[in-house]
Amino acid sequence: MRARYGVPLGIAAVGAAGVAYAAGFEARSFRLRRVTVPVLPAGMRPLRLLQVSDIHMVGGQRKKQRWLRSLAGLRPDFVINTGDNLSDPEGVPEVLDSLGPLMEFPGAYVFGSNDYYGPKPRNPARYLLEKVQGRHGLNGNPPVVGAIHNPWEDLRDAFDSAGWLNLTNTRGTLKIDGMALELTGLDDPHIKRDRYAQVAGGPSDAADFSMGVVHAPYLRVLDAFTADAYPLILAGHTHGGQLCIPFYGALVTNCDLDTDRVKGLSRHVSEGRTSYLHVSAGCGTNRYTPVRFACPPEATLLTLVERA
């Protein structure tokens, strides 16, 4: 009996321990990452930018809510929310309570697909299959049928009332200490709501600094921002791969971005120009896959400094 069942039972025990760690500890082990990005014109003082992304709020996530509220203690110059705030149609009040202290600072936001639509149970293996087939979101897949519609309008109204800029396929400007920061944003490319033609043309001459903001870092969007000479692009969506292999990294990005750039700071090149790209691994998960492995939840404090 021992020879026959010992190995399978041992594998099952290791697997159960891994799931318990991924769901019970790492998915709740919130981190702040700090990054310095040399993108500002000469003479500008450093700017502290806090990026929050992929909160995927579900009712009762008290630790996540407390951690998000605590980020206001960083005193950022401005906040960028790169979308997917919800994973529960009833989660809007808890999102707003969690982000309330941060909404006292200048800020801007874009939405992701999970702000518009509620999640459905999904086999995680499908992400690997879609990667092999080159299909992601609605980019090559049939339209979603029978989706749950989230009350995203309530989020929008609250963010707008707090003075955050809605960057849905549009531009906006934040004034910080007399500096004009131009933010150009897109709706979520993962569900084909991006309309770059509406914001094309590159940074305005009147801005002291300009940057691009989008939820999902699809290559067509990164190419467009970079070709238009935006020095910095912020995105989320990937969850950093969510289930990663130690010493190897992510298997998928849930878009057409390569896994080497699934999270953190990197460079993107298009038409002879180069931009910095920062992809947040986010601080949440889909409610039906509440696990992370070798990829802890995060927010990022980016310190923007002068270009070399």
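The values are calculated or read from the model by the stated rules, or taken from the named source; none is laboratory data. All figures in this text were calculated on a predicted structure; none of them were measured in a lab. Here Cβ is always computed from backbone atoms with ideal geometry, including for glycine, and neighbour counts include all displayed protein chains. Accessible surface areas use protein heavy atoms only, side chains included; no ligands, DNA or RNA. Shrake-Rupley method; radii C 1.70, N 1.55, O 1.52, S 1.80 Å.
In the range 262-293, how many are of a type outside the set (Ser, Thr, Tyr), closer than 29 Å to residue 72 by Cβ and either surrounded by fewer than 18 Cβ atoms within 10 Å (Cβ to Cβ) or free of Cβ contacts under 8 Å to residues at least 40 places away in the same chain (or both)? Break it down stepwise before answering.
Our first condition is that a residue be of a type outside the set (Ser, Thr, Tyr); within the range 262-293, this holds for 262-265, 267-269, 271-273, 277-279, 281-284, 286-287, 290-293.
Still in the running and closer than 29 Å to residue 72 by Cβ: 262-265, 277-279, 281-284, 286-287, 290-292.
In the following step, the residues that additionally are either surrounded by fewer than 18 Cβ atoms within 10 Å (Cβ to Cβ) or free of Cβ contacts under 8 Å to residues at least 40 places away in the same chain (or both) were identified as 262-265, 290.
Residues that pass the stated criteria total 5.
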> Does residue 132 satisfy the condition of being of a type outside the set (Gly, Ala, Ser), in a loop (DSSP other than H, G, I, E, B) and out of contact with any Asp or Glu (no Cβ under 8 Å at 6 or more places or on another chain)?
Replying inline: no
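Quick one: which strands (runs of 3 or more DSSP E) lie wholly within the range 171-257 and hold at least 1 residues that are of a type outside the set (S, T, N, Q) and open to solvent by 20 Å² or more (accessible area, probe 1.4 Å)? So that I can check it myself, show each step before the final result.
Numbers: elements: 179-185, 209-213, 232-235.
The strands (runs of 3 or more DSSP E) meeting that bar are 179-185.
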> Where residues in the range 129-147 are under 21 Å from residue 56 (Cβ atoms) and hydrophobic (A, V, I, L, M, F, W, C), which of them is modelled with the lowest pLDDT?
Replying inline: 144
> Of everything in the range 265-308 that's among the aromatic types (Phe, Trp, Tyr) and at pLDDT 95 or above, which residue is nearest to residue 36 (Cα to Cα)?
Replying inline: 276
> Which numbered condition trips up residue 127, out of (1) without any contact (Cβ under 8 Å) to a residue 12 or more places away in the chain; (2) open to solvent by 50 Å² or more (accessible area, probe 1.4 Å); (3) within 21 Å of residue 254 (Cα to Cα)?
Replying inline: (1)
>> Which condition from (1) open to solvent by less than 50 Å² (accessible area, probe 1.4 Å); (2) at pLDDT below 95; (3) not acidic (Asp, Glu) is the one that residue 155 breaks?
In response: (2)
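Give the residues of the range 294-308 that are buried (at least 17 other Cβ atoms within 10 Å of the Cβ) and either farther than 23 Å from residue 245 by Cβ or within 16 Å of the chain's Cα centre (by Cα) (or both), sorted by residue number.
295, 296, 297, 298, 299, 300, 302, 304
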